[in-house]
Amino acid sequence: MDLPGQAQALLDAAKAALPSVDRAFLAGGPGVALVCRMLVVYPAPITVRNAGGELGCAVQVLPQLMLVYAKDCYPPATVEVGELKIPDPAKVSAWTAEYLTEVEALYDGLTDLVVEGGCDSVTLSPANFAGPFTGVCSVRIPVTFAPA
């Protein structure tokens, strides 16, 4: 298992998919403040499973990494609706369309990583979306690497 190398390869693939993102780094865990547009890779739960066979019992370690893409500048609440202010729906729709286009490009780049590594070596899990919190939305993509 080469967790640092796998983490860097994942970050490199993400940066290649979204070259306009200036802030990209490896982190030690999920406690990273998502305050601007950024890409972050950190270790996620690592699965360990027993794998028996003709040679007896063995243990497989399946490292998992989490890739996070955060996008800031969510449209502010400027439209008055009664006593409340909400974001302009047209601006939210335009912002979201751009965000989803970037997420699609990110997945395309990760697909390249899977194909280059051989389809059995890297597994992309379903993405989890969060936000907007303090003007930032994010997507978290779990990525599992097969044992070498």
Identify, by number, the condition in (1) in contact with a strand residue (DSSP E or B) (Cβ under 7 Å, 6 or more places away or on another chain); (2) surrounded by 14 or more Cβ atoms within 10 Å (Cβ to Cβ); (3) within 21 Å of GLY135 (Cα to Cα); (4) not aliphatic (A, V, I, L, M) that THR96 doesn't meet.
(1)
Would it be correct to say that VAL68 is assigned to a strand (DSSP E or B) and surrounded by 12 or more Cβ atoms within 10 Å (Cβ to Cβ)?
yes
Take PRO89 and tell me if it is in contact (Cβ under 8 Å) with a residue 40 or more places away in the chain and of a type outside the set (A, V, I, L, M, F, W, C).
no
Inside the range 71-81, can you point out the residues that are in a strand (DSSP E or B) and in contact (Cβ under 8 Å) with a residue 24 or more places away in the chain?
LYS71
Extreme residue, surrounded by the fewest Cβ atoms within 10 Å (Cβ to Cβ), among residues of the range 109-148 that are modelled with pLDDT under 90 and charged (D, E, K, R)
ASP120
Which of the residues that make up the range 7-42 are out of contact with any strand residue (DSSP E or B) (no Cβ under 7 Å at 6 or more places or on another chain) and under 19 Å from ALA130 (Cα atoms)?
GLY31, ALA33
May I ask you to verify whether THR144 is polar (S, T, N, Q) and closer than 30 Å to ASN50 by Cβ?
yes
Quick count over the range 13-36, residues being in contact with a helix residue (DSSP H, G or I) (Cβ under 9 Å, 6 or more places away or on another chain) and either surrounded by 11 or more Cβ atoms within 10 Å (Cβ to Cβ) or at pLDDT 95 or above (or both), is 10
Having 2 or more residues that are more than 17 Å from TYR69 (Cα to Cα) and over 14 Å from the mean Cα position of the chain (by Cα) is the bar; report the strands (runs of 3 or more DSSP E) wholly within the range 82-141 that clear it.
84-87
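The values are calculated or read from the model by the stated rules, or taken from the named source; none is laboratory data. The model shown is predicted, which means the values in this text are computed figures rather than measured ones. Backbone-built Cβ (ideal geometry, glycine too); neighbour counts: all protein chains shown.
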